[in-house]
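Worksheet: the structure to be examined is printed underneath.
Values quoted throughout were computed directly from the atomic coordinates according to the rules given, and no laboratory measurement underlies them. Quick caveat, the model's predicted, so the values are computed rather than measured.
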């Protein structure tokens, strides 16, 4: 275990101990802030439904993430090749992207229903934009001298894309994919809160209506753990793919 | 000739009888960028197997000339660029090495060396075998699997040169390949390049700022004028080969150097005056 990880874990444990102590000593009522021990106990006793809800949300997030990442990357590569189209399309993309995602959620529910599809579409939308913008930036930020070198070897636009632009853009693409992991969970949960019968977002919404704040916290705990797991997986992938940095 | 060079020639050379004819011929090549006349009627011929070095004041249009010969830039109409006597597109026909090594950090030494071969569609495995056999000639034995960021400046430059040699074209364009190296490494690389050149037999056009380097390496030194660039002077270097560093202090070497210095100085002053005006 490295020192940074050890310090991070130590800090986390310290925070939990403090949290527990403050809640108990100040006798804070559980609907304001429950103690960590209570959250863990509730999570354990409600593990069945929470795991089902977590699996649903994870499915939506991962499916949307996969679709969005692939579409974003493919679109970025196409626009990197077609300069005139890019100059036409890019301003519109930036405008659409600057509207907060949650604002589109009711439309997604209207068009795609309250099932998993609307969440998958919303996640794919936000992940797609993030990966697209990062990838395009990376694909265009190549050394012109390196492009000239490949052209002197007889490489065409596709050869330059494959052998130079794509590898050059990998660090930027991976940053976009890392940032997207957390966003995909957020968007899946928020869309669930606005309309669904399943998932962690729905669990949180329902528990709030029932004034069951321990269950709210339990769902948040599960969502955080899933999010952390996805983030760690993509970070590990990033270190493998971008090995030269 | 070494085994590796032999093997490479067998694998790659397109089989053409060498003759003392012009490999590259520039006739009245000009280039204008908006209001700036970068090149004005450049006439230059390079014979097959010849090592020509080119010096000139900074901003004299050397890079423009190089980009035209590499096929990356079109010359203005009126002039002609002939490769083997024919006016064809030069893109993909000249082995071009830019000033910076431009090694790709995600490729190891071998895979950087075979980049051009890969672009040409040669099978990777065969190209890697050729590169592996050449590594010793380029002082890279034992470093085949290293990544560029693990190499010294001199080694990186040798990888870039190996990449250029593996792009098996009769004409090589080297743009100040040793400009960024320290003096000692540079002197070693110059001798090494001559050695490699004598074994792989290529026609070379070599840009440099360094007059000693130009004389030490070249069969002929070409001096460019201040902008708009044209050929101011051509000087044959009749010093015997193989050349060794002791040559740099001989009277014959110094006589050529004085002649070239005068020409370069005159052109540099013009550039300087134009900048001050």
Note to self: C-alpha centroids of the stretch A:126-152 and the stretch A:25-52 sit apart, in Å, by 47 Å
Expressed as a whole-number percentage, the relative contact order of the stretch A:89-173 with C-alpha contacts under 8 angstrom and at least six residues apart is 29 percent
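So what is the 222 nm mean residue ellipticity for the protein assembly as shown from helices alone, if each DSSP H run of at least 4 adds -39500 (n - 2.57) and you divide by all residues, rounding to the nearest 500 deg cm²/dmol? Intermediate values should be presented prior to the final figure.
Values: 20 runs with 304 residues, N = 522.
That calculation yields -19000 deg cm²/dmol at 222 nm.
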So the angle from the long Cα axis of helix B:153-166 to the longest Cα principal axis of chain B, reported in degrees to the nearest 10, equals 80 degrees
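Can you tell me, using C-alpha contacts under 8 Å and at least 6 residues apart, the relative contact order of chain B as a whole percent?
Values: 476 pairs, mean separation 70.6, N = 277.
Here the relative contact order equals 25 percent.
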Rounded to the nearest 10 degrees, the helix A:166-194 long axis (Cα) sits at an angle to the longest Cα principal axis of chain A of 30 degrees
Quotient of Cα radius of gyration and Kirkwood radius for the stretch B:129-277, i.e. Rg/Rh, equals 1.01
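Could you state the orientation-averaged shadow area of the convex hull built on the Cα atoms of the stretch A:35-241, in nm² to one decimal?
On the way: hull surface 53.1 nm².
Directional mean of the projected Cα hull area for the stretch A:35-241 stands at 13.3 nm².
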Per the Kirkwood formula over distinct C-alpha pairs, the hydrodynamic radius of the stretch A:1-111 in angstrom is 19.4 Å
Percent antiparallel among DSSP beta bridges confined to chain B, nearest 5, equals 50 percent
Here the relative contact order (percent) of the stretch A:35-241, from C-alpha pairs under 8 Å and at least 6 apart, is 31 percent
Here the averaged projected area of the stretch B:24-88, based on the convex hull of its alpha-carbon atoms and given in nm², is 4.6 nm²
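Using the Cα atoms as the points, what is the convex hull volume per residue of the stretch B:92-180 in Å³? It would help to have the intermediate numbers written out before the result.
Numbers: hull volume 7.9 nm³, N = 89.
Residue-normalised Cα hull volume stands at 88 Å³.
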Unit-weight point scatterers at every alpha-carbon of the stretch A:78-146, Debye formula, q = 0.16 1/Å: log10 I(q)/I(0) is -0.67
Taking max minus min of the Cα coordinates of the protein assembly as shown on each principal axis, largest first, gives extents in Å of 98, 52, 48
With chain B reduced to its Cα atoms and the Debye formula applied, log10 I(q)/I(0) at q = 0.09, 0.11 1/Å amounts to -0.42, -0.64
If one compares the long axis through the Cα atoms of helix A:3-25 with the longest principal axis of the Cα atoms of chain A, the angle in degrees, nearest 10, works out at 30 degrees
